[in-house]
Amino acid sequence: MSVAAQNSGSLAQNEEFELPPYADNIIIEVSSGTPTLSCSSDGTTYFALSALNQIASSNLYKLADSEETVLPKIKITSSGGGTIHYRVSKR
């Protein structure tokens, strides 16, 4: 049996958010423009996540298929912050 729950977290610019284990289907929502993201495993050293795809012509973006590894700590570094939507699934 699989269990899934959808969640979201609103972030100010550069606010750190820790994704829970088994988080997938990550979608980033911003009020305008293209978001810039950084991720980290330790909360000290951050790496840019640059492979984002816009969903239709909306303010929603998803990680490109090439971004296979997303580290658990994530920041929206673009002005205005945004919201991270994700699904947690455990099989």
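The values are calculated or read from the model by the stated rules, or taken from the named source; none is laboratory data. Note that this is a predicted model, so its numbers are computed, not measured. All Cβ positions, glycine included, derive from the backbone under ideal geometry; neighbour counts span all protein chains shown.
If the condition is being closer than 17 Å to Asn7 by Cα and of a type outside the set (A, V, I, L, M, F, W, C), then region 82-91 contributes Gly82, Thr83, His85, Tyr86, Arg87, Ser89, Lys90. For region 69-87, give me each residue that is at pLDDT 85 or above and either aliphatic (A, V, I, L, M) or part of a strand (DSSP E or B) (or both). The answer is Lys73, Ile74, Lys75, Ile76, Gly82, Thr83, Ile84, His85, Tyr86, Arg87. Within region 69-80, does at least one residue satisfy the condition of being of a type in the set (A, V, I, L, M, F, W, C) and free of Cβ contacts under 8 Å to residues at least 40 places away in the same chain? Yes, region 69-80 contains a residue that is of a type in the set (A, V, I, L, M, F, W, C) and free of Cβ contacts under 8 Å to residues at least 40 places away in the same chain.
Which members of region 58-79 meet the condition of being surrounded by fewer than 17 Cβ atoms within 10 Å (Cβ to Cβ) and basic (Lys, Arg)? Scanning region 58-79 gives a single hit, Lys62. The residue that is nearest to Ser78 (Cα to Cα), among those in region 58-68 that are among the aliphatic types (A, V, I, L, M) and part of a strand (DSSP E or B), is Leu60. Which residue is surrounded by the most Cβ atoms within 10 Å (Cβ to Cβ), if the candidates are limited to region 1-57 and must be in a strand (DSSP E or B) and aromatic (Phe, Trp, Tyr)? It comes out as Phe17.
Put simply, of Ala56, Ala64 the only residue that is in contact (Cβ under 8 Å) with a residue 12 or more places away in the chain, out of contact with any Lys or Arg (no Cβ under 6 Å at 6 or more places or on another chain) and either closer than 20 Å to Asn7 by Cα or not aromatic (Phe, Trp, Tyr) (or both) is Ala64. Looking across region 2-40, the residues that are at pLDDT 90 or above, within 10 Å of the chain's Cα centre (by Cα) and among the charged types (D, E, K, R) come down to Glu18, Glu29.
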